[in-house]
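Here is the structure we will look at, set down as structure tokens.
The values are calculated or read from the model by the stated rules, or taken from the named source; none is laboratory data. All values derive from a computational prediction rather than experimental measurement. Glycine also receives a Cβ, built like all others from the backbone with ideal geometry; neighbour counts cover every protein chain displayed. When the accessible area is computed, the model is the full protein with side chains, heavy atoms only, and any ligands, DNA or RNA have been set aside. Shrake-Rupley method; radii C 1.70, N 1.55, O 1.52, S 1.80 Å.
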Amino acid sequence: MVQKYQSPVRVYKHPFELIMAAYERRFPTCPLIPMFVASDTVNEFKSEDGAIHVIERRCKLDIDAPRLLKKIAGVDYVYFVQKNSLNRQDRTLHIEAYNETFSNRVIINEHCCYTGKEIIEYYLKQMEEDGITFVPRWTPPVMYKLENSTSRIARPVSPAINIPDTATKEGLNNKEVLNTSSSPSEPTAGTPDDKLDADYIKRYLGDLTPLQESCLIRLRQWLQETHKGKIPKDEHILRFLRARDFNIDKAREILCQSLTWRKQHQVDYILDTWNPPQVLQDYYAGGWHHHDKDGRPLYVLRLGQMDTKGLVRALGEEALLRYVLSINEEGLRRCEENTKVFGRPISSWTCLVDLEGLNMRHLWRPGVKALLRIIEVVEANYPETLGRLLILRAPRVFPVLWTLVSPFIDDNTRKKFLIYAGNDYQGPGGLLDYIDKEIIPDFLSGECMCDVPEGGLVPKSLYRTAEELENEDLKLWTETIYQSASVFKGAPHEIFIQIVDASSVITWDFDVCKGDIVFNIYHSKRVPQPPKKDSLGTHSITSPGGNNVQLIDKVWQLGRDYSMVESPLICKEGESVQGSHVTRWPGFYILQWKFHSMPACATTNLPRVDDVLASLQVSSHKCKVMYYTEVIGSEDFRGSMTSLESSHSGFSQLSAATTSSSQSHSSSMISRWRFC
């Protein structure tokens, strides 16, 4: 297997010609690369007009290895061949390199960290010291222009180049394209999204190594090619990469899961469409308060003064969760504002938690359960947003609460916690090290009036019954164009769409929230009969958070009473599926979500332990989907935002390899992608 590495494409604030002159100074040796000890020119070609210059060098590396190992290997140095193809007319430089040492015995997979940017800037500074600040742009020679203008047969300005290629098939072949721009606004050759401007990085992203830049570019490009929704900003993508130590596969997995979650719950619109209940505005003792010394937005939470039990009894778990999500969304917005104000990247905030008043009332089991769920959701969808957590005036009961919640907090997040007991926050290493004196809240003996609700007990008259809370929780997450449905083993969920005009287009968009399902589309001339409410059969099952309806009668036969118009599509948990079907005939089309059973193990007839345990849980035979369907005329199909194309984006944790397949029919278009 060959390890591939895509180096970041940078934009230099210098003309291309000056960059190329600086690049040539790297040879025959480079003091910034001590292991690069020598290079000899093997082949060289220059076109008549001077536009093309191709040079092939044999380079010598002094590898960092024990002398005994070198002796065993029979080599003192490692050699590779590098071919540079400079096109002054197109203003591009192509670099191709392959190994010569061991090329007939082994394929070398290199993990490279390219530092070309620093090296180029080193030589640019050297040229400036030598008085070279400008290199004229290439133009065809005068005689060459005259010959071209009088010739009846056009001659190519850049003739074909044929230099012997000594690379063997076994050798490693690495290619890199160096693109530059003569001005900050001039587009670079290649894909614009494949470049990161040095000033942009410094201004909005902070210090990144070339490898980190590459991970960001690759993940962003992957999202642009595959994700059928809103692409997050570079700062947010970078948070997920940092949360997984720039392991691009792990970062991609959690980012895709988060994007699916945001879409399902319409989190992108929460600040504009949701108003917190008055109970939260009066009794939730938290709010934003200026910023810390690093410019991070500061959120103050007086947890000890907050009646968590009363809030849960009055609002329910979902309302509290939604409010915390709105706080996090506001935090992201404030980070962007502070980045503009302070002129440096600010991607996280500081949270100050005052625990004075914390007691056993705060350890009420449903309240702790709600807190643990909030922590779990925030950790999964807002990684690396907490820059620092200052916990002040921790009482004796705090270790009990910490024991309960700490296992749910990521190790990297826990390292950002600073805990002060009593008045220790007023001493050395305390609050003044992180927050300016003039903005320390008054309730912490500071000088600044803090506009944060004081909390207090929620009146019992505002408490709701369990049934009211359940209905409210359901309403919060179903205020959407999507409908929710439950799918059980042996009881698929089905909806029917009546088509009057042939060539109409049925479009769908659904998310698999839980379990694995099989999606089918059928056509029937018979009218599907919805089940009666008093039916005792399995045709209609209602459950909290969703419903289940079956329309295909058990006496119907496939091929006689109804027919399949699309191949079955297996969808994994967490996947988002969009698609369309151009109808051939009028009649009734049935969309079906069916429980997907895993195939039985073929190697043994004995049940596995996992299977036995799973069979004891009713929830293991339940799936949940959220779906939206639309029917439009074929003439309007291309103009519909929900039906521009059909795609299946898979974000399943179960995928072990990246595969893709597509099917095309005269009546439908389905593109399917699955990613690991």
TODO: Mind checking the full-extension length gain between residue 464 and residue 364? Use 0.36 nm per residue of separation minus the Cα-Cα distance, one decimal, nm.
DONE: 34.3 nm
Open item on the list: Can you list residues from other chains, or at least 5 along the same chain, whose modelled amide H is less than 5 Å from the amide H of residue 356?
Closed with: 304
TODO: Counting only heavy atoms of the protein chains, get the accessible area per residue of segment 280-424 (1.4 Å probe) and round it to a whole Å² value.
DONE: 42 Å²
- [ ] Whenever you get a sec, compute what percent of the accessible area on segment 201-313 sits on carbon and sulfur atoms (1.4 Å probe).
- [x] 44 percent
- [ ] Kindly report, to the nearest 10 Å², the accessible surface of residue 25 as traced by a 1.4 Å probe over protein heavy atoms only.
- [x] 70 Å²
TODO: Would you please give the FRET efficiency between residue 502 and residue 222, computed as 1/(1 + (r/R0)^6) with r the Cβ-Cβ distance and R0 = 56 Å, to the nearest 0.05?
DONE: 0.90
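Computing the accessible area with a 1.4 Å probe over protein heavy atoms, can you report the carbon and sulfur percentage for segment 324-387? Kindly include the intermediate steps, with their values, before the conclusion.
On the way: 1480 of 2750 Å².
The computed percentage sits at 54.
R0 = 51 Å: FRET efficiency of residue 202 with residue 570, Cβ-based, nearest 0.05?
Working: r = 46 Å, r/R0 = 0.91.
FRET efficiency, residue 202 to residue 570: 0.65.
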- [ ] Give, as a single signed number, the net charge of other residues whose beta carbon lies under 12 Å from the beta carbon of residue 556, with Lys and Arg counted +1 and Asp and Glu -1.
- [x] +1
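Solvent-accessible area per residue for segment 26-82 at a 1.4 Å probe radius, Å²?
Details: 3410 Å² over 57 residues.
I get 60 Å² per residue for this part.
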